[in-house]
Amino acid sequence: MYKIYINETPLLLQDISARSKVKLNPEQVLQARYVGKQKSLFHYIDLLEKHPKVDEIRLLTTDLEKLWEDYLGLYKVIEAAGGVVTNPKGEILFIYRLDWWDLPKGKIEKGESIESAALREVEEETGCADLKLGRKLLETYHTYKLPKKGKRVLKKTYWFHMEAPLQDLTPQTEENIELAQWMSSESFFSKDRVVYRNILDVLNAHEL
């Protein structure tokens with residue numbers, strides 16, 4: 001299964017044999033079968049890019065990799081890497097940027113390994129040093145449009161758990177990061193915060 005967030009709403013691409021029962025209100029889930037016509041994907045993308053009236057769209061297929069290949073063909077794909085960084089107190093390193101709470105991440109440079117990119121981006125965005133790379137958590141996907149050309153972009157982000165000593169942090173202000181802050185999960189979720197849904201997926205994966 002592939003989960004892509006479009007305008008903060010998930011589009012699920014999944015094998016028809018592995019489909020699960022609808023847990024949400026059926027009226028809030030649009031479920032359809034993909035019959036191999038790539039152009040039909042624009043209908044669902046457009047629906048989610050505008051003001052979706054559903055909480056989730058599920059496209060079912062007998063050939064998941066073909067569906068994924070067709071979907072990728074509609075986007076410019078950018079790869080990024082980042083991490084859930086914890087200190088000896090069990091606190092997590094969060095960042096605050098453009099009114100959203102987030103985790104540090106960034107684009108993978110040409111010729112750079114995924115692991116090196118993850119460590120570099122965390123250090124650049126937060127000033128956190130002496131990072132120790134841990135296990136890979138998951139990969140997330142979300143989309144956006146380039147402001148000038150309107151080209152659709154699919155960002156694939158690789159996430160890792162990392163450990164670091166408790167230390168002062170320096171947010172990368174030139175990247176619009178206002179805060180880099182250590183917080184426990186309990187403290188973070190004790191208040192209403194604006195958080196990307198794929199970041200919640202990453203935090204859940206970290207807790208497993």
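Taking the Cβ-Cβ separation of E69 and K89 as r and a Förster radius of 45 Å, what is the calculated FRET efficiency to the nearest 0.05? Don't skip to the answer; put the middle values down first.
Numbers: r = 45 Å, r/R0 = 0.99.
Approximately 0.50, to the nearest 0.05.
For a quick check: sort K151, K3 by the number of other beta carbons within 10 angstrom, fewest at the front.
Sorted ascending by nearby Cβ count, the order is K151, K3.
With unit charges on the beta carbon (Lys/Arg positive, Asp/Glu negative), name the residue among L47, V84, Y158 whose Cα is farthest towards the positive pole of the charge dipole of the chain.
Farthest towards the positive pole: L47.
Are there trypsin sites (Lys or Arg not before Pro) in the stretch 100-135 that DSSP puts in a loop and that have at most 16 other Cβ atoms within 10 Å, and which ones?
Details: sites: K105, K107, K110, R120, K132, R135; in loops: K110.
Hits after loop and neighbour filter: K110.
For E124 and K76 in one chain, what is 0.36 nm times their gap in residues minus the Cα-Cα distance, to one decimal in nm?
On the way: separation 48, 0.36 × 48 = 17.28 nm, distance 2.50 nm.
Gain on extension, E124 to K76, equals 14.8 nm.
Could you sort out which of K151/K191; K105/K149; K66/K156 sit more than 27 Å apart by Cα distance in this structure?
Working: K151/K191 36 Å; K105/K149 24 Å; K66/K156 18 Å.
Going by Cα-Cα distance, K151/K191 fall outside the 27 Å limit.
On the Cα set of the chain, report Rg and Dmax in Å, please.
18.2, 54
With a cut-off of 8 Å between alpha carbons and a minimum separation of six or more residues, what is the relative contact order of the chain in percent? Write out the running numbers ahead of the final one.
Values: 407 pairs, mean separation 48.2, N = 208.
23 percent.
Evaluate the distance, in nm, between pseudo-label points positioned 7 Å from the Cα of L146 and of Y2 along their respective Cα→Cβ axes.
2.0 nm
Could you give the dipole magnitude of the chain about its Cα centre, charging the beta-carbon of Lys and Arg +1 and that of Asp and Glu -1, in debye to the nearest 20? Don't jump to the answer; show the numbers that get you there.
Numbers: 31 positive and 33 negative charges, 230 e Å.
Value, rounded to 20: 1100 debye.
Taking the Cβ of each residue in D102, D168, D55 as the centre, tally the other Cβ atoms inside 10 Å and list the residues starting with the fewest. It would help to have the intermediate numbers written out before the result.
Details: D102 19, D168 8, D55 13.
Fewest to most other Cβ atoms nearby, the residues stand as D168, D55, D102.
Among M162, M183, rank each residue by its count of other Cβ atoms within 10 Å, from fewest to most, as a rough exposure measure. Spell out each step's value before the answer.
Numbers: M162 21, M183 16.
Ordered from fewest to most neighbouring Cβ atoms within 10 Å, M162, M183 come out as M183, M162.
Only helical DSSP H runs with n ≥ 4 go in: add -39500 (n - 2.57) per run for the chain, normalise by residue count and round the 222 nm mean residue ellipticity to 500 deg cm²/dmol. Can you show the working numbers first?
Numbers: 5 runs with 46 residues, N = 208.
Roughly -6500 deg cm²/dmol at 222 nm, from the helical runs in the chain.
Read-outs: derived from the displayed coordinates by stated rules, not from any lab. Nothing here was measured: the structure is a model prediction, and the numbers come from that model. Ideal geometry is used to build each Cβ from the backbone, glycine not excepted, and the neighbour counts take in all protein chains shown.
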